[in-house]
Amino acid sequence: MISGIVTALLLVLFIGGWIWAWSPARRTEFDAAARLPLEEDRHQGNIGENRA
C-alpha cells in the first residue's frame, strides 16, 4: 500500500514538472538558456585569438 502511494505521488510530481517545463511562460527562459553556449564570451574576448 505504501509503495502505491509513493508511486502515485511521484507520478503527480512528474506530471507537474512536465507541465511547468512546457508552459509558455518558461519558453523565453529556456530559449535564452539554449543560446548561452553559442554566445561569445564578452568578458574574456575570443579565447582562440592569442594562440600561436
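Values in this text are rule-based calculations from the coordinates and carry no lab data. On a predicted model such as this, the values are computed, not experimentally measured, just so you know. In this analysis, Cβ positions are derived from the backbone assuming ideal geometry, glycine residues included, and neighbour counts consider all displayed protein chains.
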Fill in the blank from the handout: Between the modelled labels at Ala25 and Leu9 (7 Å from Cα along Cα→Cβ) the distance in nm is 2.5 nm
Exercise for the section: Pop a pseudo-label 7 angstrom from the Cα along the beta-carbon direction at both Ala32 and Met1 and give the gap in nm to one decimal. Expected result: 4.9 nm
